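Input: a single structure, listed below in structure tokens.
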Amino acid sequence: MPLEQRIDLYRQNAKRSNDPKVQLDFAKYLIEIIPQVLERYPEPKAAQRAKDGLFAEALKWIKRLSSQGMGLGRSAYPEAQFFLANCYGNGSLGLSIDAEKAFGLYVQASKQNHAAATYRTAVCYELGAGTKRDPGRSVQFFRKAAALGEKAAMYKLGVIQLNGTLNQQRNPREAITWLKRAAAVADEENPHALHELGLCYEKSTIPAIIPDESYSRELFTKAAQLGYAPSQFKLGCCYEYGTLTCPVDPRRSIAWYTRAAEQGDSEAELALSGWYLTGSDNVLKQSDTEAYLWARKAADKGLAKAEYAVGYYSEVGIGVKQDLEEARRWYLRAAAQGNKRAMQRLTELKKLGAGGMHRRPGGPTKPTRGQGGPKDDNCSIM
């Protein structure tokens, strides 16, 4: 069936329907098919007119559902209000970004117990987006959203109670309760509570729980399997150093670091740099070039330890041409963030002058990794 005919059939069905979901789905469909429609208009002006027409029709449906629902005496459709609020928030559908309109729509949808809109209302009050900052009201809406089953709100409320933020007194017992509720329904979009609970059980000083390293590892593993990079990095450390009841296992360590690094986690990128610097028998071939490149990725993200490592590599000539001035630049960047080893090395270079280029910073050239025991910054450039 030709695309235009499919659109018209869907349109007629939406007009006949008394279901607001069907009408909102049609509006979303108009937005989704824009790329297909544009392929039929090689001339730019004609393509733009077609795009604007689809946006306009979609917006008409969405605004109608957001304001008057299905007609007189019918409530506005909260899902449409939430969708339109997001459009005002990110400037999509050709709309100008308008935080106040977005906030107003979130509040309206929240009045009909729309969980996600209630959570966004709380965030608006927390950040002062489209309204004045109001920590008290923010917490109220986080509580309401959590009670409505919003996973992100459960996690957020747990963190608020755990740390005493948003003018709240610390309440560890309630915090753990909310974090456990969030962890029980964790998914790929909401794995955070698993990681937070893992940290709590790792070596807890919280009266509400007893430290349990095995359970902590289980929580980190669940979050890591859901794709949460901080948990993947954490497991990389555990298998590298044999912590949290994990055996020392270079293969698993490198695998978890790699998964986190693929998501751009700077700590994991630096950890991979260390593994490439040393290599691992029958697991990973040693490569100075890879060591430098992974450290550089992390350093470009502003990780101070990585900036120091790149300075080290540049000074010594590991994976990159030896260059004292380049090393100094990286040491300065790390020192500006308070990295003590970079500060120390800058002081040493200043005393040594140009001759410092031929002396290595403290620590072995190829630090030993994956030997078990606690991580010791004195035996690694990391």
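Checking the structure you have, find out if any residue of the stretch 319-326 is within 18 Å of E267 (Cα to Cα), surrounded by 14 or more Cβ atoms within 10 Å (Cβ to Cβ) and among the polar types (S, T, N, Q).
Looking for residues that are within 18 Å of E267 (Cα to Cα), surrounded by 14 or more Cβ atoms within 10 Å (Cβ to Cβ) and among the polar types (S, T, N, Q), one finds none in the stretch 319-326, hence no.
Among the residues of the stretch 249-278, write down those that are farther than 20 Å from L303 by Cβ and crowded, with 17+ Cβ neighbours inside 10 Å.
Correct list: P250, R252.
Quick one: would you say G136 is at pLDDT 95 or above, in a helix (DSSP H, G or I) and surrounded by fewer than 16 Cβ atoms within 10 Å (Cβ to Cβ)?
yes
Filtering the stretch 231-270 down to residues that are among the aliphatic types (A, V, I, L, M) and under 19 Å from the mean Cα position of the chain (by Cα), which residue is nearest to E196 (Cα to Cα)?
Among residues in the stretch 231-270 that are among the aliphatic types (A, V, I, L, M) and under 19 Å from the mean Cα position of the chain (by Cα), the one nearest to E196 (Cα to Cα) is L235.
Restricting to the stretch 33-48, name every residue that is part of a helix (DSSP H, G or I) and surrounded by 12 or more Cβ atoms within 10 Å (Cβ to Cβ).
I34, V37, L38, A46, A47, Q48
Within the stretch 227-337, considering only helices (runs of 4 or more DSSP H) that don't extend past its boundaries, which have at least 3 residues that are closer than 28 Å to R217 by Cβ, in contact with a Phe, Trp or Tyr (Cβ under 6 Å, 6 or more places away or on another chain) and at pLDDT 95 or above?
Where helices (runs of 4 or more DSSP H) fall fully within the stretch 227-337 and carry at least 3 residues being closer than 28 Å to R217 by Cβ, in contact with a Phe, Trp or Tyr (Cβ under 6 Å, 6 or more places away or on another chain) and at pLDDT 95 or above, they are 229-241, 250-261, 266-278.
Does K156 satisfy the condition of being within 20 Å of the chain's Cα centre (by Cα) and either over 20 Å from A80 (Cβ atoms) or modelled with pLDDT under 95 (or both)?
yes
What number of residues within the stretch 92-103 satisfy the criterion of being more than 19 Å from R64 (Cα to Cα) and in a loop (DSSP other than H, G, I, E, B)?
1
Restricting the first residue to the stretch 275-302 and requiring it to be touching a residue at least 40 places away in the same chain (Cβ under 8 Å), which pairs with a second residue that is of a type in the set (A, V, I, L, M, F, W, C) meet a Cβ separation below 6 Å and a spacing of at least six or different chains?
Final answer for the pair search is W275/I254; W275/L284; L277/A291.
The values are calculated or read from the model by the stated rules, or taken from the named source; none is laboratory data. Here the structure is a predicted model, which means the values were calculated and not measured. We place every Cβ from the backbone using ideal geometry, glycine too, and count neighbours over all the protein chains shown.
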